Structure formats: C-alpha cells, structure tokens
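This report refers to the structure that appears directly beneath it.
The values are calculated or read from the model by the stated rules, or taken from the named source; none is laboratory data. These numbers were taken from a predicted model, which means no experiment stands behind them. Glycine also receives a Cβ, built like all others from the backbone with ideal geometry; neighbour counts cover every protein chain displayed.
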Amino acid sequence: MKIYTLTGDDGTTSLSGGRRVKKHSIRVEAYGSVDELIAWIGLLRDHKENHQRRELLIYIQNQLMICAAALAYDRENSNSRKYLPAADCISIIEEEIDKMEESLPPLTNFILSGGNTLVSYCHIARCVCRRAERAVLRLNEAEETPELVNKFLNRLSDFLFVLSRKVGLELDIEEIKWSV
C-alpha cells in the first residue's frame, strides 16, 4: 500500500467509515490538533529526563489516539467504528498530577515558560493541548462530541503544566514569576 492515495488532492479527507469531508472542516481541525499533541507528547517521551514517565506518556499518547478516532467517528455512516478513551483515563491523570504536586512548592504567581528546553516543550505541549480542547469544544457546538474527550484534554493540559514544573524542579531550573 502506498502512503499517497491522491484522494486528498481535492482538499478532502475521509472520516471513519469513508465519508469525505473538507480538510479544513472543524472536525478535521479538532482531530488534527489532537494528532499534533500526540507528536508533542512523543517529543516529551523521547527525552531521557522523562525516562521514568515513559510508560505514562505512551499511555497518554494511546488515549489521545483514541480521542482522535472518537472525533473522526461518522455517526451518519454505519461502517464507522465508535471509540472512547478509557473510563479511568481522567483519574489516572489526576493521580499523576497529585503525585507530582506533592514535591512542588505551592504556586502563588503565574510563571513564565522557559529555563530549559524540556520545560519549554512541556509548555508548548500544554498550549497545543489547550488549542485542541478549544477545537473540540467548537466542534461540540455543531455536533455532540464525547464528554470524556473534552474532560481528558482539559485535565491533560493541567498535567502538562505540572509536568513542566516537576521537570524544572528535577533539573533545578528556577521558575521565573510573572509580575507586572
């Protein structure tokens, strides 16, 4: 099977089940943003400083793949397969946030991103996650999206913020407080 099919040359792509839609549709924007987030999580996973979090990051990528598949679901097509993230995906993320926060100083100010490449990548992944969440919520206004996908993205952005702080602490990177 060749990677190029030529079928997208007309500006359309297939949903699950085969129905063609415009590549700039809000649905494609939503699952495309989730796909971008999957790649950013892969970049975080590739850093040796995240070796102890490797399995968790793979789990997150798998749940995001399921989220993307859920967003590509075509309820108008009986050949489309419906996917949902794991029922406990949110509690797993919340437990990880709680574990990381145990060792972090309380946050009393906004902090500026940066200080280390990996910390910055965590913040970029968080921003991409928030963008994906906004795209899914826009799609949800037009047609219902799985509530679990919305909640998972919201909690995942919190996780990525806390991860940036945890990595910074582990690497002894000073947090720069934002002040006006």
Residue hits (the stretch 159-177; in a helix (DSSP H, G or I) and over 11 Å from the mean Cα position of the chain (by Cα)) are Phe161, Val162, Leu163, Ser164, Arg165, Lys166, Val167, Gly168, Leu169, Glu170
Looking at Glu96, Glu133, Glu101 in this structure, which one is in contact (Cβ under 8 Å) with a residue 24 or more places away in the chain, closer than 15 Å to Leu37 by Cα and among the acidic types (Asp, Glu)? Glu133
Which count do you get for residues in the stretch 97-112 that are buried (at least 16 other Cβ atoms within 10 Å of the Cβ) and either touching a Gly at 6+ places or on another chain (Cβ under 8 Å) or more than 27 Å from Leu139 (Cβ to Cβ) (or both)? 2
Does Phe110 meet the test of being farther than 22 Å from Lys82 by Cα and at pLDDT below 95? yes
Among (1) at pLDDT below 95; (2) in a helix (DSSP H, G or I); (3) of a type in the set (Val, Ile, Thr), where does Val180 come up short? (2)
Does the stretch 86-108 include one or more residues that are hydroxyl-bearing (Ser, Thr, Tyr) and in a helix (DSSP H, G or I)? yes
Counting only residues that are modelled with pLDDT of 95 or more and assigned to a loop (DSSP other than H, G, I, E, B), how many does the stretch 38-84 have? 1
Only one of Glu147, Glu174, Glu170 is among the charged types (D, E, K, R), without any contact (Cβ under 8 Å) to a residue 12 or more places away in the chain and surrounded by fewer than 17 Cβ atoms within 10 Å (Cβ to Cβ), namely Glu147
I want to confirm something. Restricting to the stretch 65-82 and keeping residues that are within 18 Å of Ala135 (Cβ to Cβ) and touching a residue at least 60 places away in the same chain (Cβ under 8 Å), which single residue is surrounded by the most Cβ atoms within 10 Å (Cβ to Cβ)? Cys67
Pairing a residue in the stretch 20-39 that is without any contact (Cβ under 8 Å) to a residue 12 or more places away in the chain with any residue that is surrounded by fewer than 22 Cβ atoms within 10 Å (Cβ to Cβ) and part of a helix (DSSP H, G or I), where Cβ atoms lie under 7 Å and the two sit 6 or more apart in sequence or on different chains, gives Val21/Val28
